[in-house]
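Note sheet for the following structure.
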There are 2 protein chains.
Amino acid sequence: MNVTLKESSLEKFFNPSSVVIIGASNAPFNLGATICKCLKEYISYRGTVYAINRAGEAVCGCDGFTSVHDLTEPVELAVIITPARVVPQFVRDCGAKGIQHIVIESSGFSEQGDEGKRLQSEIDEAARQYGMRILGPNCLGVLDIQSRFCCFYGAYPEIVEVFDKPGGVSYIIQSGGVGVLLLESLMTDVQGPHKMVSIGNKSDVDEADLIEYFNRDGTQVIAIYLEHVGNGEKLMSMARRVSKPILVFKSGRTAEGTAAALSHTAGMASNDAVFESACRQAGIIRLRSVGELHSMPKMLTEMPLLRGNRIAVFTNSGAFGSISADLMVEAGLALPRLGAASRELLAKIGGVFNINNPVDIGPAPPQTYLDIFEILLSDKEIDGLLLMSSIWREFIIDVMKELVEMCKRYDKPAAIYTPNSVARILSVRKEFGLPLFDTAEEAVRALAVSHEQFRYHRKKENPYARNHQESA
Amino acid sequence: MNVTLKESSLEKFFNPSSVVIIGASNAPFNLGATICKCLKEYISYRGTVYAINRAGEAVCGCDGFTSVHDLTEPVELAVIITPARVVPQFVRDCGAKGIQHIVIESSGFSEQGDEGKRLQSEIDEAARQYGMRILGPNCLGVLDIQSRFCCFYGAYPEIVEVFDKPGGVSYIIQSGGVGVLLLESLMTDVQGPHKMVSIGNKSDVDEADLIEYFNRDGTQVIAIYLEHVGNGEKLMSMARRVSKPILVFKSGRTAEGTAAALSHTAGMASNDAVFESACRQAGIIRLRSVGELHSMPKMLTEMPLLRGNRIAVFTNSGAFGSISADLMVEAGLALPRLGAASRELLAKIGGVFNINNPVDIGPAPPQTYLDIFEILLSDKEIDGLLLMSSIWREFIIDVMKELVEMCKRYDKPAAIYTPNSVARILSVRKEFGLPLFDTAEEAVRALAVSHEQFRYHRKKENPYARNHQESA
């Protein structure tokens, strides 16, 4: 089979000029209808949408037919959301009609016993016969901000909000529930997603195919939620060739978690230690929670990478100086004593309680903040900044905006945590687009993630780089 | 010295009938004035407030004097917020005037070099001479919801919100910054605090004194932020005698964190492993982050304790079944297979995807949720519940309210996480007073904390209980 052809063919899942929703009807609580509604009413998808149902009736303004064979215009993508037992026939109908891309959202396949496995093998057979690409089954489908396409069932009107702030992160998600949670969370974050795709049982298209695809589009960061790995060798070999950041959170680290995952999306148990070591070798950053899937990427999209591990902490709260020092050491980052030149400069600024690292200041005007940023970012012995100042005056917001610009200028990152309630942090982040973290732990973790990506990126771009170039 | 007398005397820090703010003036940015303003304007403190300043002028409607000696009525509490160098004389003035309780908010004492240490020893000497109790120096003071008293400097008008929802948690905080963060965070939580006290350099009143005091008032949970322990033996011996939950987050776990803490609030370095082991022996629950100081207590105030470690997980997202199974195992909790009787009952309910543990359901009506709660809570082989259902319909809120009541009836706790954005969780928690956690990690951790407290409580109430009664 021609690999290049297969790869490029994924494009139609994300940007189809026309789509047929098989199983969309006007029956109450029909899930297919929610897809039609989303495309036509919420997000104003520009392509044509058809509905297939027993009555052949129109759904939410989409022309209806009783069979795929009755479609009069060519269709690029089919979305099937019917009971599992009738899915194989619809797949064959699509193949016969020349529809090459199928999203199967229905569940009841290899994740559900022998009958499910039999149905799935029927689908696999049809796909082979017609050379079709299949996404799913047992998945939520695809969302693409650029093409304004989304076939997630059950979408609510607020989904349009994520289309209003396109971002750089593409998500590969082996669970619809996690996808919905991420979308909701991104609504109060700096950026929405770039694309999101739910892979479910991944009978054909899997995370490795999508990593390859996202390596060629406008994606900046690839973030993945996995319940199990089907073809580990394929995944790792693909990841090694991609130098965009790849972040993975995997459930099923324990026997109990694996058992629960297997009843959710079909797959095989895997050894977590093996996965961990393979990730390290392939340059995949392993995340520690679902939350990190939406909290960490902003460090990579909004800030330069952390090229070494020497961090200057700057705080207006002595407590957070101490708290963050613990966190940094535990995360493998260093908190070096500042050099004489920097300490001398800091001593000249009024209101600095502590000119060592962590630098601790009292109530101070905006210029003091900016002067300290300048001193710390220009220090050659410092690789990045951890800012922990509460928003005790509105000007702190302007000061943080300026810091983001200074970081670009100095090509050094800052992780920012404002010791305020999460409610306040969310509102400031959303309103001002500042890459704020929810907790001190998250901010420190983001520095560690950034440095891990720096090391992977350098290794992938120049695999023969000598070790002594390592600054950390 | 009479210990009983000293103990009961702490009451005047929290519920003084009159207070003098030494250093409150009408100068711009005067911090003492913010205390007067808070007492008179924001929280409507019922006692009398006086101000001491050079001009002897009234501040925010509080009568002003140039000296403590000029006060014409007896005063129960003095709050000193002046430059450090004049503090000792004011302390002596208070002693001579018969004021027995002094909060010293000024900094510049033993946390700041030899001159600071000298000033602090002058204060200690005066306190001894007059038999005064001193809170601080270098602290933020006291907040008491019941007596509507608060001498935090820099308080903002919104502080009145925490007075509108009194709670059961009393906080002992060795950092003003952390206190402010906690207050702000509690505003979107189920409960406000009961009391909060900032101990700073703790030259006299320390965490052990306050634990003893909170053991006798209406406090349900004692939560502590420490940077260092002055008298470890006193703390641990007190903690052993108190069976109310004591939660501690301590910074300075690493050498770097300790160094930063010492420059913030004066103290001695301590070995973290020693502290850890002492906490375990004294029945102190050690927290892992500042965030846990406000997120964990609601599990103890709103839910019965977890008497064993056998948890049933109930989710409407297969992914969160797997994710939480990992977290539970990692937290030392068990996810037992349900017994035949429970599985049979669950099988009879429509829409249950998985009748094993985790119990996984699809879209279901409210009664299905309630029926499943009943089955799981009444199962004798289950000690508690982990509910992970997204708020996909408004009725989930009612279902969760009912669950809180059922937990009381069955004397078993439920930790609740709704896989929704944190913004949504905060808003539902605040509006409906439901004990929701921000993340799956927090919910699982809360179960572990609850069970740890159960074991400590049993041991303290009945130190000779036999080991085989342990259900975990």
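Here are some notes:
- Residue in region B:304-312 that is among the hydrophobic types (A, V, I, L, M, F, W, C) and under 30 Å from A:Leu140 (Cβ atoms) present: yes
- For B:Ile159: the one exception among (1) touching a Cys at 6+ places or on another chain (Cβ under 8 Å); (2) crowded, with 22+ Cβ neighbours inside 10 Å: (2)
- Selection within region A:207-237 - of a type in the set (Asp, Glu) and outside any loop (DSSP other than H, G, I, E, B): A:Glu207, A:Asp209, A:Glu212, A:Glu233
- On the stretch given as region B:319-342, residues that are small (Gly, Ala, Ser) and either facing chain A (nearest Cβ under 7 Å) or over 29 Å from the mean Cα position of the chain (by Cα) (or both) total 8.
- Of the listed requirements (1) outside the structural domain of A:Thr72 (by TED's automatic domain parsing); (2) without any contact (Cβ under 8 Å) to a residue 40 or more places away in the chain; (3) surrounded by fewer than 23 Cβ atoms within 10 Å (Cβ to Cβ); (4) not hydrophobic (A, V, I, L, M, F, W, C), A:Gly98 misses just one: (1).
- Among all positions in region A:178-196, there is no residue which is away from chain B (no Cβ under 14 Å), touching a Pro at 6+ places or on another chain (Cβ under 6 Å) and surrounded by 24 or more Cβ atoms within 10 Å (Cβ to Cβ).
- Identity of the residue in region B:28-45, loosely packed, with under 15 Cβ neighbours inside 10 Å and over 25 Å from the mean Cα position of the chain (by Cα), that ends up modelled with the lowest pLDDT: B:Phe29
- Considering B:Ser270, B:Ser263, B:Ser243, B:Ser175, the condition of being modelled with pLDDT of 90 or more and not assigned by TED's automatic domain parsing to the domain that holds B:Lys40 is satisfied by B:Ser243 alone.
- If you go through region B:347-375 and pick out every residue that is farther than 16 Å from A:Gln112 by Cα, of a type in the set (A, V, I, L, M) and either assigned to a helix (DSSP H, G or I) or in contact with a His (Cβ under 7 Å, 6 or more places away or on another chain) (or both), you end up with 3.
- Some residue of region B:433-441 being at pLDDT below 95 and out of contact with any His (no Cβ under 8 Å at 6 or more places or on another chain): yes
- Single residue of A:Lys401, A:Lys430, A:Lys408 found to be assigned to a helix (DSSP H, G or I), surrounded by fewer than 19 Cβ atoms within 10 Å (Cβ to Cβ) and within 14 Å of another protein chain (Cβ to nearest Cβ): A:Lys430
- Residue in region B:304-318 that is at the interface with chain A (Cβ under 8 Å from one of its Cβ atoms), at pLDDT below 90 and surrounded by fewer than 24 Cβ atoms within 10 Å (Cβ to Cβ) present: no
- Region A:108-124 residues that are touching a residue at least 24 places away in the same chain (Cβ under 8 Å), paired with ones that are polar (S, T, N, Q) and assigned to a helix (DSSP H, G or I) (beta carbon under 8 Å, 6 or more apart): A:Phe109/A:Gln120; A:Ser110/A:Gln120
- Against the numbered list (1) within 14 Å of chain A (Cβ to nearest Cβ); (2) touching a helix residue (DSSP H, G or I) at 6+ places or on another chain (Cβ under 8 Å), B:Trp392 comes up short only at (2).
- One residue stands out among those in region A:411-427 that are surrounded by 20 or more Cβ atoms within 10 Å (Cβ to Cβ) and touching a Pro at 6+ places or on another chain (Cβ under 7 Å): the one that is nearest to the other protein chains (Cβ to nearest Cβ), which is A:Ile416.
- Test: A:Ala223 is buried (at least 22 other Cβ atoms within 10 Å of the Cβ), small (Gly, Ala, Ser) and over 30 Å from A:Phe29 (Cα atoms): yes
- Residue tally, condition within 10 Å of chain B (Cβ to nearest Cβ) and in a loop (DSSP other than H, G, I, E, B), over region A:238-258: 4
The values are calculated or read from the model by the stated rules, or taken from the named source; none is laboratory data. None of the values given here were measured: they were computed from a predicted structure. No Cβ is skipped: glycine too gets one built from the backbone with ideal geometry, and neighbour counts run over all protein chains shown.
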